[in-house]
Each structure stands twice: as structure tokens, then as C-alpha cells.
1. Could you tell me which residue of segment 67-87 is surrounded by the fewest Cβ atoms within 10 Å (Cβ to Cβ), considering only residues that are within 26 Å of L23 (Cβ to Cβ) and touching a Phe, Trp or Tyr at 6+ places or on another chain (Cβ under 8 Å)?
2. Could you count how many residues in segment 225-235 are free of Cβ contacts under 8 Å to residues at least 40 places away in the same chain and either within 15 Å of S163 (Cα to Cα) or assigned to a loop (DSSP other than H, G, I, E, B) (or both)?
3. Looking only at residues that are at pLDDT 90 or above and surrounded by fewer than 19 Cβ atoms within 10 Å (Cβ to Cβ) in segment 29-49, which one is nearest to K4 (Cα to Cα)?
4. Considering every residue within segment 71-84, establish whether at least one is under 30 Å from F11 (Cβ atoms) and of a type in the set (A, V, I, L, M, F, W, C).
5. Within segment 219-241, count every residue that is in contact with a helix residue (DSSP H, G or I) (Cβ under 6 Å, 6 or more places away or on another chain) and not charged (D, E, K, R).
6. With G153, G167 as the choices, which residue is small (G, A, S), in a loop (DSSP other than H, G, I, E, B) and surrounded by 14 or more Cβ atoms within 10 Å (Cβ to Cβ)?
7. Are there any pairs, at least 6 apart or on different chains, whose C-beta atoms fall under 7 Å, with the first in segment 236-247 and of a type outside the set (A, V, I, L, M, F, W, C) and the second surrounded by fewer than 13 Cβ atoms within 10 Å (Cβ to Cβ), and if so, which?
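The values are calculated or read from the model by the stated rules, or taken from the named source; none is laboratory data. Please read all numbers here as calculations on a predicted model, not as lab measurements. Here the Cβ positions follow ideal geometry from the backbone for every residue, glycine too, while neighbour counts run over all protein chains shown.
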Amino acid sequence: MLLKEKIIQYFGEDLFSSRLTILDLGCGFRFPSPSLFAAEGHKAIGVDSLYIVRKPDIREYLRSLRRNKLVETLRFLQLDLMAKRRLYERSLENLSHLVLTHSNFELVVDDVEQLANFSDNSMDLVVSTNVLEHVFTVNKAVEQIYRVLGPGGITAHIIHLFSSLSGSHNPEWQNFARYPAWDHLRSGKFSLPYSHLNRLKTIDYLNAFSNHFSVVHHEYIPYPMSLDYSIDSHILAEIRASFGPVTLDDLVNEKLLVLAAK
């Protein structure tokens, strides 16, 4: 898990030698981080705006129907019928050499900008992966992270940059013949109606965290594969005219990692 590796690199391995209370924001329907942290003996809590069905169970699907839309409940049902979540869980177990269960961590429905279910100074570590780019008001979310973290608490986040080649979340973003590189920045033609993207840049995220935390480290995460694209002065000028000032690092890297301490 990249986040944990980076946390250890900058805060030391001893941090995880004692039992931590860890909050994972936007844990998602596979909830990998709470599962892994809990398997290591920590008190892990996953937060999502949806009610997350933990396992194939009629009572779980009924709870999902009451809390979520029908479409989301059917999505859980489809994934479970195809055993995709169980296959994912097994791959996590193989990679981590841990035994994952569904009963040793919490999943809570909450808003990242409010965290109404959590008291002040109640967490040791708050993390998220590919979540903050979907938050309407990141400053509010960071304020809440600061509130729930105890003194000396740590927060770590991986953010999918909107300014990246794939930042529009267009599933066909690599089809450069159909969608020119950075088409969403140059023309603004593509956006997913069901996936809010706040369009923030690296500097915006760093400013949000710096207002409350000591930012210990930040770095760009490149794409895991080579991409056949080009950027010249004309494209760069077009992007900056439409999207505003942006660095080359923001454009050519996929994600941003931020580590901060209270």
C-alpha cells in the first residue's frame, strides 16, 4: 500500500507498532484500506457517502436499498454474483500476506466535509485514495480532518489530479485519436455527470492543507505505463488560456501524494 509506505518513510515504522485509530475517507465498495489496517490489528473505520454492502447477504442488500439508490444496490449485487469482490479480496490477501475478515472494522455513512459521526481528537491517522478530487469544498474537508485528528496526528492522501491526462475520468481518455490529450482542459467537452470533479490544481490542495497542518512531504505520482502523447507550446498555451496557470508536472503526472501532521 503506497500510502503506508510513504507514511513509514517520513514518520518511521514505529508509528504502526502500537494500535492506531485510523479513518479512511471514501473507502469505496471494496474498502481495501480498512480491511488491511484492521487485519494488522488497528482500529479501522471506513467512511463513504453510500451504505457499503460488506458481503453477500439479503439483509445487507435491503439496508442498501433503504440508504442508496436502486442502481447502487444492483451494482453490489452484480459484483457479488460475479464474485468480483471476493477475487479482489483474495488478491489483497496474497499481496499483503494477511487474513481479511468483514467483522473487525467499521463502515460508516458520512459526508467527508462534515464527519458528523466523529468527535474531536479521536483519530491517530486519516487517509484517502482518489477521493479529494471529488469533494465539493476541499477546505471544509481538511478542516474536518484537522478536527478529528488528535495532537500529533497524521494525514495522508493520494489525489487524482484533474489536470492530468486522465483527470476527466473519461474511460476512453487514452484514445487520443478521438479525445486529444488534455481535451477536458482545452475544450471542457467531457465530464462524467455522476462523478463530481472539483478541478483543483496541486497548489490548491497544498494551500488547503497548509492552512491547518504542517505539510511534511508532497510528490507527484507518474502513470504506471508509458503514454504516446506530446505537448508543445501551442497546446500548453491553449490549456493555460482555458484552465488557467498550471505547471508541466500537473499535466504530465497522474496523481499527487500529500503527507501532513497536526
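1. That would be R67.
2. 3
3. E40
4. no
5. 2
6. G167
7. Filtered contacts from segment 236-247: S242/G188.
Yes/no per residue for (1) in contact (Cβ under 8 Å) with a residue 40 or more places away in the chain; (2) over 30 Å from K201 (Cβ atoms); (3) part of a loop (DSSP other than H, G, I, E, B); (4) touching a helix residue (DSSP H, G or I) at 6+ places or on another chain (Cβ under 7 Å):
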position	(1), (2), (3), (4)
V71	no, yes, no, no
L74	no, yes, no, no
Y88	yes, yes, no, no
V99	yes, yes, yes, yes
N104	yes, yes, yes, yes
A116	no, no, yes, no
V126	yes, no, no, yes
